[in-house]
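All remarks here apply to the structure that follows.
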Amino acid sequence: MPGDFENAERTTLVEPHDPWVIDHRYRIVRPLGEGGMGVVYEAIQLSVDRSVAIKLLRGDDNETTRRRLLREVRLLTQLHHPNIVDVLDGGQTDSGAVFLVMERVAGTTLAERLVAERMAWRDACDVAVQLCDALAASHARGIVHRDLKPGNIMIVDEPTRGVHVKVLDFGIAKPIQAARSSFDTQAGMIVGTPHYMAPEAIGGELDPRSDLYALGCVVYEMIAGQAPFGHVGLEAILWHQMREPPPPLPAETPPALAALIYALLAKDPAHRPASADDVRDALLSILVPPPALTLDPRPPRVARRTSFALPLLLFAMMLAAFVVTLECGR
Ligand SMILES: Nc1ncnc2c1ncn2[C@@H]1O[C@H](COP(=O)(O)OP(=O)(O)OP(=O)(O)O)[C@@H](O)[C@H]1O
Ligand SMILES: [Mg+2]
C-alpha cells in the first residue's frame, strides 16, 4: 500500500527535527534559483527517491507572500500542460511554512541564456510558439500569468526536438474572474515586473492581453538582446511602457515578425492580436520553411541516344591505317 510505504520511509529516513527535511517528506539538496518572493531548491522526495524542485518563501515572508505561494499551488494544480511547470504537491507544514513542490526542470532560465547572446530569429520564434501554447492553456482556464519574463521561463535542450520551454512562477497569476479588490491590487501597488508590464497592467487592469504584451517584450528581447524599454529607474520604464514606441528591431528581423512584435507591444490592448492562439498561428506562418524541391520519386530513365562517337573513331582509325599503308607502299 502506498501509504504504508510512505510511513515506512518516514520512520527510517527522516530525522524528526531536521531543518533540511520539509514536511517530513522532502530533503533539501541544493538551491536551484531564487526570485523576489522565494528560493527554489532541488530536493529528494523521500517516499519515491525522486528529484523534485521545492519553492519556499524567504526568511522575511509575511501574510501576503504566504497567501501568494498558496495561491500559486492552487492555480498550478489546475494547469497541466507540457509548457507549464508541473506542480506535484504543496501546502503548509506543521510549523506553518508554506511550500510548493514541482517537477525539477533540468534547464536554464531564458534570462541566463540571454546574458550570453541574443538569439537567431527562428530560435526566438520556436520559443515564442511554445510560450503561446502555455499562455493559451492558462487563458483557457481563465488564468492570467501577469509576470511573464525571461527569469520565469526555463529552456531545456532536447537532442531530438530542439528546445523545450517551461513557464514558471504563477506567484502573482490571477483568475480573470477574481475580484478587483483582492489583496495584491490595492491602490498604488504595482504587481509585476516593470520591464514586461503592459500599460493597462500598470493601471491595475486584469486582462489576458497583458500577457501578450509581456510576450512581445520577451520576443523583442530574444531578438534584440535587450528588452524594448530597458531604461533605468521605475518611473522612466513605466513612462516608456505607457507612452513611447519601442526602438527598431535589428535589420535582419523578417518584416512579418517585426510587425507581429510591434502589434504585441501596442499600448492599447484592443490593437494587439486577440489571443495567444492567434499569435502562435502568425508565428508558425512566419516560420514556414520555403517550399521543398519537387523531386520525381520514380527511378531515373536512361536516355537512349544514338552515339556517333564510336563509328567515327573506328572510321578515323581505318583511314589512318590506310594512309600509313599507302605511304609504306611508295
Ligand atoms: N521547477 C523548477 N526547476 C528548476 N529550477 C526552478 C524551478 N522553479 C524555479 N526554478 C529556479 O528558481 C528561480 C526562482 O523561481 P521563481 O521565479 O518561481 O521564484 P519567485 O521568487 O517567485 O520569482 P519572482 O522574483 O519572479 O517573483 C527561477 O528563476 C529558476 O532559476
Ligand atoms: Mg520568478
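The values are calculated or read from the model by the stated rules, or taken from the named source; none is laboratory data. These figures come from a predicted structure and were not determined experimentally. Quick reminder, even Gly has a Cβ in these numbers, built from the backbone with ideal geometry, and neighbours come from all protein chains shown.
Some points to look at:
- The set of residues from the stretch 131-143 being within 16 Å of ligand 1 (Cβ to nearest atom) and either at pLDDT 95 or above or surrounded by fewer than 19 Cβ atoms within 10 Å (Cβ to Cβ) (or both) comprises Leu131, Ala134, Ser138.
- Checked against the criteria, Lys174 counts as in contact with a strand residue (DSSP E or B) (Cβ under 6 Å, 6 or more places away or on another chain), among the charged types (D, E, K, R) and modelled with pLDDT under 95.
For (1) out of contact with any Pro (no Cβ under 6 Å at 6 or more places or on another chain); (2) buried (at least 17 other Cβ atoms within 10 Å of the Cβ); (3) not assigned by TED's automatic domain parsing to the domain that holds His145, each residue gets a yes or a no:
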{"residue": "Leu212", "(1), (2), (3)": "yes, yes, no"}
{"residue": "Leu215", "(1), (2), (3)": "yes, yes, no"}
{"residue": "Tyr220", "(1), (2), (3)": "no, yes, no"}
{"residue": "Val232", "(1), (2), (3)": "yes, no, no"}
{"residue": "Ala259", "(1), (2), (3)": "yes, no, no"}
{"residue": "Leu264", "(1), (2), (3)": "yes, yes, no"}
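- The criterion of being assigned to a loop (DSSP other than H, G, I, E, B), surrounded by 19 or more Cβ atoms within 10 Å (Cβ to Cβ) and in contact with a helix residue (DSSP H, G or I) (Cβ under 7 Å, 6 or more places away or on another chain) does not hold for Pro250.
- Here Glu72 meets each of (1) within 25 Å of Met197 (Cβ to Cβ); (2) within 12 Å of ligand 1 (Cβ to nearest atom); (3) under 16 Å from the mean Cα position of the chain (by Cα) with one exception, condition (3).
- Residue match in the stretch 227-242 (condition: of a type outside the set (Lys, Arg) and within 17 Å of the chain's Cα centre (by Cα)): yes
- Filtered residues of the stretch 147-164 (kept if within 15 Å of ligand 2 (Cβ to nearest atom) and among the hydrophobic types (A, V, I, L, M, F, W, C)): Leu148, Ile153, Met154, Ile155
- When each of Val156, Val127, Val165 is tested for being within 16 Å of ligand 1 (Cβ to nearest atom), touching a helix residue (DSSP H, G or I) at 6+ places or on another chain (Cβ under 7 Å), outside any helix (DSSP H, G or I) and at pLDDT 95 or above, the lone residue that passes is Val165.
- Selection from the stretch 79-111 of residues that are without any contact (Cβ under 8 Å) to a residue 12 or more places away in the chain and either under 20 Å from the mean Cα position of the chain (by Cα) or within 16 Å of ligand 2 (Cβ to nearest atom) (or both): His80
- Every residue from the stretch 33-56 that is surrounded by 13 or more Cβ atoms within 10 Å (Cβ to Cβ) and over 24 Å from the mean Cα position of the chain (by Cα): Ile44, Gln45, Leu46, Ser47
- Of all residues making up the stretch 266-294, the number that are assigned to a loop (DSSP other than H, G, I, E, B) and surrounded by 14 or more Cβ atoms within 10 Å (Cβ to Cβ): 5
Listed here are the residues, each with its yes/no results for (1) closer than 27 Å to Ser138 by Cβ; (2) among the hydroxyl-bearing types (Ser, Thr, Tyr).
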| position | (1), (2) |
| --- | --- |
| Gly216 | yes, no |
| Tyr220 | yes, yes |
| Ala236 | no, no |
| Trp239 | no, no |
| Arg243 | no, no |
| Pro248 | no, no |
| Ile261 | yes, no |
| Leu264 | yes, no |
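- Val115 passes every criterion in (1) closer than 27 Å to Ala224 by Cα; (2) away from ligand 1 (no atom under 16 Å from the Cβ); (3) free of Cβ contacts under 8 Å to residues at least 24 places away in the same chain apart from (2).
- For the stretch 59-84, residues that are within 23 Å of Val21 (Cβ to Cβ) and in a loop (DSSP other than H, G, I, E, B) total 3.
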